[in-house]
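Here's the structure, in structure tokens; my notes come after.
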Amino acid sequence: MVASRVDEEISILRSWKRMSGGYDAISKRVNATYAETRDIRETMQELRLPFYVVWEMVGYADYFAFEGDED
């Protein structure tokens, strides 16, 4: 694992620790914040979560995963 990736993983773990309630509670906060900001980057900054966590929790990861299967 590259040092920057390790730092990113540590940051992720710390952000999860700050937000109690598990996946469901974090997902609700991400979606509520995203509904207000309508911007993934602002949501990331406000909640201190990495891009791919916000991307997945607002549903874009699933959308684009299945969008590619239609070809």
One residue from Ala32, Ala61 being open to solvent by less than 100 Å² (accessible area, probe 1.4 Å), more than 24 Å from Arg5 (Cβ to Cβ) and either at pLDDT 85 or above or in contact with a helix residue (DSSP H, G or I) (Cβ under 8 Å, 6 or more places away or on another chain) (or both) = Ala32
Selection within segment 31-70 - part of a helix (DSSP H, G or I) and of a type in the set (Gly, Ala, Ser) = Ala32, Ala35, Ala61, Ala65, Gly68
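The values are calculated or read from the model by the stated rules, or taken from the named source; none is laboratory data. Since the model is a prediction, treat every value here as computed from it, not as a measurement. Methodologically, a virtual Cβ is constructed for each residue, glycine included, from the backbone with ideal geometry; neighbour enumeration extends over all protein chains shown. Ligands, DNA and RNA are stripped out before the accessible areas are found, and what is left, the full protein with its side chains, is counted by its heavy atoms. Shrake-Rupley method; radii C 1.70, N 1.55, O 1.52, S 1.80 Å.
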